[in-house]
Amino acid sequence: MARSQAEPADGPIGFASVNALGQNGTTGGAAGPTVTVTTASDLERYAGMNTPYTIQVAGRLTVDDMITVVANKTIAGVGTNAEISGGGLQLGSTTRPGNNVIVRNLTFTGASDDSVSVTNSAHHVWIDHNDFSGGFDGLLDIKRASDFVTVSWNRFHDHSKTSLVGHSDTFTQDVGHLRVTYHHNFFDGTDQRHPRVRFGDPVHVFNNYYRNNALYGIASTMNAGVLVEGNYFENVAHPSHVGYDKSDPAGWWPATTSS
């Protein structure tokens, strides 16, 4: 099953749409020109520029490591075969923020680390209509005080550690951040972390489809606040955990979690 080809919405639903931190919603590179890239080096060059760009990815790009994406970028696949393989995208560095970024209509395979890492206080990020599989670490990790993120209409498959929210049990700098919305994603045969949340409050997980997840669906830990609504779990041994492994329990969890 390929990634969904449904037309994306005009704008994000959930936290990526919020007016906060000097950014009203998530518009990506809409204010700048559009370029088409066919090589990893061109993708890296435009993703690192200090001005807005809509970067269209055509065909399969083989990436050696993580490409840093800085503020005001849209990175979108053209057609049905746009792919980033062997590496991934890191939204933001310690000196260059990855704010106001859209990643859409791409297939990510075989990353040597994370497929997409939202990190270093990146905010207003929209991850939409992508296909993630077969990476080394996380397929999509959101951490290190990042905020106002929406993850929508993606398929995650053929992997174990799917999507982490919160860097670690000891990284308390994440407290007060990590406001994330997950909706209409397909977690297809992945083992765990759909998501696993530390400290994020609130994280809203609604209308997702979980199928054949070997370990668990959602884990809320380290005083996180996770609202789980209207999800469908098929052949999932543990749809949810409050506290997991060595992580302390969540701060709160709703009485009605799924359907």
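General observations
- Extension gain, Thr62 to Arg96: 0.36 nm times the residue separation minus the Cα-Cα distance gives 9.8 nm.
- Counting only heavy atoms of the protein chains and using a 1.4 Å probe, Asp113 has close to 60 Å² of accessible surface.
- Normalised by the number of residues in the stretch 1-105, the average gap of Cα pairs under 8 Å and 6 or more apart makes the relative contact order 24 percent.
- DSSP assigns beta bridges within the stretch 1-114; of those with both partners inside it, close to 10 percent run antiparallel.
- Peptide ranges 232-242, 69-79, 195-205 listed from the most packed, as the mean C-beta count within 10 angstrom indicates: 195-205, 69-79, 232-242
- Remark: the Asn81-Asn212 segment gains 44.5 nm on full extension, using 0.36 nm per residue and subtracting the alpha carbon distance.
- Normalised contact order of the chain, rounded percent, pairs of Cα under 8 Å and 6 or more residues apart: 12 percent
- Set the Cα radius of gyration of the chain against 2.2 N^0.38 Å, with N its number of residues, and you get 0.92.
- Assigned charges on the beta-carbon of Lys, Arg, Asp, Glu; the chain dipole about Cα centre (debye): 260 debye
The values are calculated or read from the model by the stated rules, or taken from the named source; none is laboratory data. Being a predicted model, the structure only gives us computed values, none of them experimental. Ideal geometry is used to build each Cβ from the backbone, glycine not excepted, and the neighbour counts take in all protein chains shown. Side chains are part of the model used for accessible areas, which takes the heavy atoms of the whole protein and leaves out ligands, DNA and RNA. Shrake-Rupley method; radii C 1.70, N 1.55, O 1.52, S 1.80 Å.
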